[in-house]
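What follows is one structure encoded as structure tokens, with my remarks underneath.
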Amino acid sequence: MLKLTIDGKEIEVEPGMSVLQACEQAGVEIPRFCYHERLSVAGNCRMCLVEVSPGPPKPQASCALPVADGMEVKTNTPKVEKARNGVMEFLLINHPLDCPICDQGGECDLQDQAMAYGYDGSRYAENKRAVKEKYMGPLVKTIMTRCIHCTRCVRFASEVAGVDAIGLLNRGENAEISTLEEAIHSELSGNVIDLCPVGALTSKPYAFTARPWELSKTESVDVMDAQGCNIRIDARGNEVLRVLPRLHEDINEEWISDKTRFACDGLSRQRLDTPYVRAPDGKLKPTSWGEAFSAIATKLKDSGGEKIAAIAGDIIDVEAMFALKGLMSALGSTNIDCRQDGAKLNANSRAGYIFNSKIAGIDDADALLLVGTNPRLEAPVLNARIRKNWLYCNLPIVSIGANGDFTYEYEDLGFSLDILGQIADGSHSFAKTLARAERPMLIIGMGALCRPDGEGVLAMAKKIADDTGMIIDGWNGFNVLNTAASRVGGLDIGFVPGKNGKDVAAIQNAAQSGAIDVVYLLGADEVDMNSFGDAFVVYQGHHGDAGAHRADVILPGAAYTEKSATYVNLEGRVQLAGRATFPPGEAREDWAIIRALSGEVGQPLPYDTLESLRTALRAAYPTMLAIDTVEAADWSVFSPKDIDLNSSPLTGAIDSFYMTNAIARASETMAQCTEEFGSTDAKATGTNG
């Protein structure tokens, strides 16, 4: 530890820290524009000037100055104050006086620091410089005259997002940030809006919509993928206007994907706000809750438990699945499944369906094998973490079953299961790399597990983990990359076929043959709706998507922003989402709909409030008590069947990043992104960029 003095106070800091970091540790605020904790040091803005001795007589940029033993730092002297006043005066020379119409107003670093560290007037009488606006795609709006050239956006694109999309052209007063009139081809591009300390880069869909002080802010959890990024939902009245990231070092740091950030406009489009029943003429007609429940109850009473089935969708909360499981059990049915994509995951072994090393464990990995997954499309924020390890620690990576531009270098081993077999039997060179590594990691995706022989692929992956030393004290490098926000929670509570029960494929076959005559779709839109034959289909959900078009009865539910709910992310972390708005019209929370239906069919569930439901849920499944923690799963009970494998090649799980669920498909912004970038941008079967 090094000792130094900051404003007369002696502190100890670790070697290698900058003076700015030491000042932050000591509780002294240092103004800055270009410095950011997760980006490289640029030293552009010169706002963080301090006096340092021993050293030159002029103020020093604290962000780029390493600490030294015996150093004395002064942050509040007249010289420092005058230097900061001068820097601020230069920054404001060409900055337009358009705060009243700027979307950054009210949360602008330049406004705040001009108040705290600037002069109260201007001495500049020359003509101001104007800069032409730049096109950066359908998500990022530019007013480049406001730009102060901090280069945060340039460094983010290059270092975190891994795309060389933004750069600084020219020099001196002619310098301009530009993308050369191209859209930013990254699933993380919206984060430059948060990084920009002025109003140069703002949200295009949110432009001129609201002011920060008009919005109610609710902490919640993202459901666009399985990572469970922490978010803040900003709403005005009953309309969600924007979604922003919240800091969580172990999950998403402070980034979110563009789908998380911008798909919120889909929450107000194509909504189901009243119950519907299909009339004899084949058309869906609006009806009352009583008539809808009566139609369902009549059908259920005419069917035995073995003729009833339920499928849960990808963005359903744990409470709703728990309630539906209770109802199906009361009706005598074990035909339930939360794996609508057909993933071969066993609910009896938690280690076999979670991200065992945790998301933060990616930082510690020293060898990585990707199997049937394109992390860039399936979990962009997690992919950025892989890139960080590759960028700073030269992480060796190989991929089987998916390729394309992952934003980092890797060895593409093709799509054949034979290669995976060679790694499993130790004959492939990368098996030796895994064995030599201290923290080897394997990530297997839905492209490998949604095959008919998915359990066999899972068994082969387990053999690799066992034979290459991935499972040691304090480290489990075997990871499943789920793509559905509801998947781990559904498996945790056993929303899978019970004794003699049918999975999704068997439900579809039985529905076509007439063995199942009632199918309950709880937000399930990703299954083939033509596969249910003449079965009576009940769809409970919030958007008029595929399930609603097929349904005989529609029960309008609540979207993820409209309910207090529990979600479990891909690493098994239980998280609570807050309610930001209320469901529209007659729509209700999913668990409440199921509770009301249970009373109509004569099998009332034993809870009437969300609190009593959660009490029952946590009593039945104690893992739901551990909020925001991850407990190690028992590896010894994980034993997938070593079944015969077919010869079909492995593939990735997602083709179109922007169209993966009903909310995203209803979003005008996501439609614009699909048109701009194409449904196969960075697709899993592209070429290794």
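The listed residues are Arg376, Arg385, Arg350, and the only one of them that is over 15 Å from Leu449 (Cβ atoms) and touching a strand residue (DSSP E or B) at 6+ places or on another chain (Cβ under 9 Å) turns out to be Arg385. Of all the criteria given as (1) assigned to a loop (DSSP other than H, G, I, E, B); (2) touching a residue at least 12 places away in the same chain (Cβ under 8 Å); (3) of a type outside the set (S, T, N, Q), the one not satisfied by Pro604 is (2).
In this structure, is Pro100 in contact (Cβ under 8 Å) with a residue 60 or more places away in the chain and closer than 25 Å to Leu201 by Cα? No. Do the conditions hold for Asp98, that is, is it open to solvent by 60 Å² or more (accessible area, probe 1.4 Å) and acidic (Asp, Glu)? Criteria not met by Asp98. Of everything in the range 657-677 that is open to solvent by 20 Å² or more (accessible area, probe 1.4 Å) and of a type in the set (S, T, N, Q), the residue that is farthest from Gly454 (Cα to Cα) is Gln672. Quick check: anything in the range 311-324 more than 24 Å from the chain's Cα centre (by Cα) and without any contact (Cβ under 8 Å) to a residue 60 or more places away in the chain? The answer is no, given that none of the residues of the range 311-324 is more than 24 Å from the chain's Cα centre (by Cα) and without any contact (Cβ under 8 Å) to a residue 60 or more places away in the chain. Can you tell me which residue is most open to solvent (accessible area, probe 1.4 Å) among those in the range 403-437 that are in contact with a Pro (Cβ under 9 Å, 6 or more places away or on another chain) and of a type in the set (Gly, Ala, Ser)? Out of the qualifying residues, it is Ser416.
Which condition breaks for Ala620 when tested against (1) under 30 Å from Ala459 (Cα atoms); (2) at pLDDT 95 or above; (3) of a type in the set (A, V, I, L, M); (4) touching a Leu at 6+ places or on another chain (Cβ under 6 Å)? Answer for Ala620: the failing condition is (4). Does any residue of the range 78-89 turn out to be closer than 23 Å to Tyr35 by Cβ and part of a loop (DSSP other than H, G, I, E, B)? No, the range 78-89 has no match at all.
Here Tyr119 does not fit the description of being farther than 25 Å from Arg38 by Cβ, assigned to a loop (DSSP other than H, G, I, E, B) and in contact with a strand residue (DSSP E or B) (Cβ under 8 Å, 6 or more places away or on another chain). Residues in the range 30-57 that are farther than 30 Å from Asn389 by Cα and free of Cβ contacts under 8 Å to residues at least 24 places away in the same chain: Ser53, Pro54, Gly55, Pro56, Pro57. Filtered by the rule that a residue be out of contact with any strand residue (DSSP E or B) (no Cβ under 9 Å at 6 or more places or on another chain) and assigned to a loop (DSSP other than H, G, I, E, B), the range 262-291 gives Pro280, Asp281, Gly282, Lys283, Ser288. Looking across Asp109, Asp120, one residue alone is touching a residue at least 40 places away in the same chain (Cβ under 8 Å), open to solvent by 20 Å² or more (accessible area, probe 1.4 Å) and out of contact with any helix residue (DSSP H, G or I) (no Cβ under 9 Å at 6 or more places or on another chain). It is Asp109.
For the range 43-95, taking the residues that are of a type in the set (D, E, K, R) and within 28 Å of Thr145 (Cβ to Cβ), the one that is least open to solvent (accessible area, probe 1.4 Å) is identified as Arg84. The residue that is modelled with the lowest pLDDT, among those in the range 666-684 that are in a helix (DSSP H, G or I) and either in contact with a His (Cβ under 8 Å, 6 or more places away or on another chain) or β-branched (Val, Ile, Thr) (or both), is Phe677. The condition of being over 16 Å from Ala83 (Cβ atoms), over 37 Å from the mean Cα position of the chain (by Cα) and surrounded by fewer than 19 Cβ atoms within 10 Å (Cβ to Cβ) holds for only one of Ile6, Ile11, that being Ile11. The residues in the range 472-528 that are open to solvent by less than 30 Å² (accessible area, probe 1.4 Å), farther than 30 Å from Ser399 by Cβ, not aliphatic (A, V, I, L, M) and not in a loop (DSSP other than H, G, I, E, B) can be counted, and the count is 1. Those strands (runs of 3 or more DSSP E) of the range 150-219 in which 2 or more residues are closer than 20 Å to Ile256 by Cα, of a type outside the set (Ser, Thr, Tyr) and open to solvent by 10 Å² or more (accessible area, probe 1.4 Å) are absent.
The set of residues in the range 644-667 that are in contact with a helix residue (DSSP H, G or I) (Cβ under 6 Å, 6 or more places away or on another chain) and not small (Gly, Ala, Ser) comprises Leu645, Leu650, Thr651, Ile654, Phe657, Tyr658, Met659, Ile663.
Name every residue in the range 14-29 that is of a type in the set (A, V, I, L, M) and surrounded by fewer than 21 Cβ atoms within 10 Å (Cβ to Cβ), in order of residue number. The answer is Met17, Ala26, Val28. Taken across the range 238-252, residues that are of a type in the set (Lys, Arg), within 30 Å of Leu570 (Cα to Cα) and outside any strand (DSSP E or B) do occur, with at least one present.
Among residues of the range 285-300 that are more than 16 Å from Leu327 (Cβ to Cβ), those with a beta-carbon under 7 Å from a residue that is loosely packed, with under 14 Cβ neighbours inside 10 Å at least six positions away or on a different chain give the pairs Lys285/Ala279. Taking the criterion of being charged (D, E, K, R) and over 17 Å from the mean Cα position of the chain (by Cα), the residues of the range 209-233 that qualify are Arg211, Glu214, Lys217.
Within the range 532-553, the set of residues being open to solvent by 10 Å² or more (accessible area, probe 1.4 Å) and over 31 Å from the mean Cα position of the chain (by Cα) comprises Gly533, Asp534, Phe536, Asp552.
The values are calculated or read from the model by the stated rules, or taken from the named source; none is laboratory data. Here the structure is a predicted model, which means the values were calculated and not measured. Neighbour counts are summed over all protein chains in view; Cβ atoms, including those assigned to glycine, are modelled from backbone coordinates with ideal geometry. To get the accessible areas, we keep the full protein, side chains included, count just its heavy atoms, and leave off ligands, DNA and RNA. Shrake-Rupley method; radii C 1.70, N 1.55, O 1.52, S 1.80 Å.
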